[in-house]
Amino acid sequence: RGELILERYFNGRRATTPANVKSVAKSIISALVGVASDRKVLDLKQPIVRYFPDALLAPADASKRAITIEDLLTMRSGLESTSNRNYGAWVQSRNWVQHALARPLLNPPGTQMQYSTGNTHLLSAILSAATKKSTWQFTNETLAGPLGFTLARWPQDPQGIYFGGNEMLMTPRQMVRFGELYLDNGMAGDRQILSNDWIA
């Protein structure tokens, strides 16, 4: 109920020591999409070609133009995954967005779930374009700040887009505050950060 009962740290770490939370970052990105959706900045049914027109111009990419923001959010883009055995080549590429979009379409968009960090990185790129702010700045203004902390900067891709889906740094207390946001139906104190509909 919001009261810290016990905490213990090891190997010289403290309550203020951030840790790499790896793919928990995907839940942060999801919440940010929720904030943008609640504010009518993003439409989940919007095809992503609106944000990546130059990357999806080739005739071979015609089916990819049907991918929506919701498809990325639910990992149903249909694109070949950039995770697991494909992860190294993706993060070593010169343009992570283009590399993710260039993956072959294995399933029709919106049909089958396949885990891929490329999906959430595309969401980070979309958030930056839609809000005209970096994902880091948008996170602190709309989510971390209202929850009472500042999220440290985390890695960016070669184009400067904050990594959507990995490598974020958070303390355990910050993780608790984020989790409580969902337990409290999107409320932080007396402020509605995420709508009840989004939490549901």
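The values are calculated or read from the model by the stated rules, or taken from the named source; none is laboratory data. Everything numeric in this text was worked out from a predicted model, so none of it was measured. Glycine also receives a Cβ, built like all others from the backbone with ideal geometry; neighbour counts cover every protein chain displayed. Keep in mind that these areas ignore ligands, DNA and RNA; they rest on the heavy atoms of the full protein, side chains included. Shrake-Rupley method; radii C 1.70, N 1.55, O 1.52, S 1.80 Å.
Quick one: is Val33 of a type outside the set (S, T, N, Q), open to solvent by less than 100 Å² (accessible area, probe 1.4 Å) and in a helix (DSSP H, G or I)? Answer is yes for this residue. Residues in the stretch 110-153 that are in contact with a strand residue (DSSP E or B) (Cβ under 6 Å, 6 or more places away or on another chain) and in contact (Cβ under 8 Å) with a residue 40 or more places away in the chain: Ser124, Thr135, Pro146, Leu147, Ala152. Taken together, the residues in the stretch 159-176 that are open to solvent by less than 20 Å² (accessible area, probe 1.4 Å), at pLDDT 95 or above and not hydrophobic (A, V, I, L, M, F, W, C) amount to 4. Residues that are open to solvent by 80 Å² or more (accessible area, probe 1.4 Å) and part of a helix (DSSP H, G or I) within the stretch 177-200 comprise Leu183, Asn196, Asp197, listed in sequence order. Against the numbered list (1) part of a helix (DSSP H, G or I); (2) within 21 Å of Asp54 (Cα to Cα); (3) touching a residue at least 60 places away in the same chain (Cβ under 8 Å), His99 comes up short only at (3).
Residues in the stretch 46-96 that are among the basic types (Lys, Arg), open to solvent by 20 Å² or more (accessible area, probe 1.4 Å) and either assigned to a helix (DSSP H, G or I) or under 17 Å from Thr111 (Cα atoms) (or both): Arg50, Arg65, Arg76, Arg85. Would you check if Glu141 is out of contact with any Pro (no Cβ under 6 Å at 6 or more places or on another chain), in a helix (DSSP H, G or I) and open to solvent by less than 70 Å² (accessible area, probe 1.4 Å)? So Glu141 does not fit the description; no.
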